[in-house]
Amino acid sequence: MHLIEPNVVGLLIFALLASVGSLSVIVMSGVFPLATRPDLARPVGLGLIVINLILLALVLYGTIAFGVDHLRWTSMVIVGGLAFLFTPGLFNVWPGKWRDGVLGLGTITLGLAASAYFLGTMS
């Protein structure tokens with residue numbers, strides 16, 4: 001394995017971060033357009049949407065920066081593609097009330113905040 005990617009731990013971290021980012025993209029794509037989601041048009045929902053978009057941008061940027069610093073580009077492409085390919089399966093396992101609405105946004109906020117904190121401690 002070290003001939004393909006010498007930093008296996010970094011590859012696992014990148015896979016986890018890419019999965020969190022991919023799952024967040026899928027959940028956030030269900031939020032828009034806001035006209036179709038009146039339950040999220042309240043201040044709590046709008047606040048969670050803004051926080052999640054900011055955290056998502058930070059985590060995606062941090063994940064790519066982590067990959068560039070620690071991995072080979074081929075490993076980043078393959079693992080990032082696999083994370084994006086298989087994350088919808090994880091999304092479909094979630095109960096509907098956990099992924100749609102304020103509870104889903106709150107769950108994604110926790111995951112993104114933990115990922116952003118982890119990325120911050122790594123640098």
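The values are calculated or read from the model by the stated rules, or taken from the named source; none is laboratory data. Since this is a predicted model, take the numbers as computed values, not measurements. Every residue, glycine as well, gets a Cβ built from its backbone with ideal geometry; the counts of neighbours run over all protein chains shown. To get the accessible areas, we keep the full protein, side chains included, count just its heavy atoms, and leave off ligands, DNA and RNA. Shrake-Rupley method; radii C 1.70, N 1.55, O 1.52, S 1.80 Å.
Observations on the model:
- Checked against (1) farther than 28 Å from residue 3 by Cα; (2) surrounded by 13 or more Cβ atoms within 10 Å (Cβ to Cβ); (3) among the aromatic types (Phe, Trp, Tyr), residue 118 passes all but a single condition, namely (1).
Listed here are the residues, each with its yes/no results for (1) open to solvent by 40 Å² or more (accessible area, probe 1.4 Å); (2) touching a Lys or Arg at 6+ places or on another chain (Cβ under 9 Å); (3) among the basic types (Lys, Arg); (4) in contact (Cβ under 8 Å) with a residue 60 or more places away in the chain.
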| site | (1), (2), (3), (4) |
| --- | --- |
| 70 | yes, no, no, yes |
| 83 | no, no, no, yes |
| 87 | no, no, no, yes |
| 93 | yes, no, no, no |
| 97 | yes, no, yes, no |
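- Within the stretch 94-122, tally of residues that are modelled with pLDDT of 90 or more and of a type in the set (A, V, I, L, M): 7
- Filtered residue count, the stretch 1-29, keeping only those that are over 14 Å from the mean Cα position of the chain (by Cα) and either among the acidic types (Asp, Glu) or closer than 22 Å to residue 58 by Cα (or both): 5
- Of all residues in the stretch 56-68, exactly one satisfies the criterion of being among the aromatic types (Phe, Trp, Tyr) and free of Cβ contacts under 8 Å to residues at least 12 places away in the same chain, namely 61.
- Taken over the stretch 19-40, the residue count meeting the criterion of being open to solvent by 60 Å² or more (accessible area, probe 1.4 Å) and assigned to a loop (DSSP other than H, G, I, E, B) is 2.
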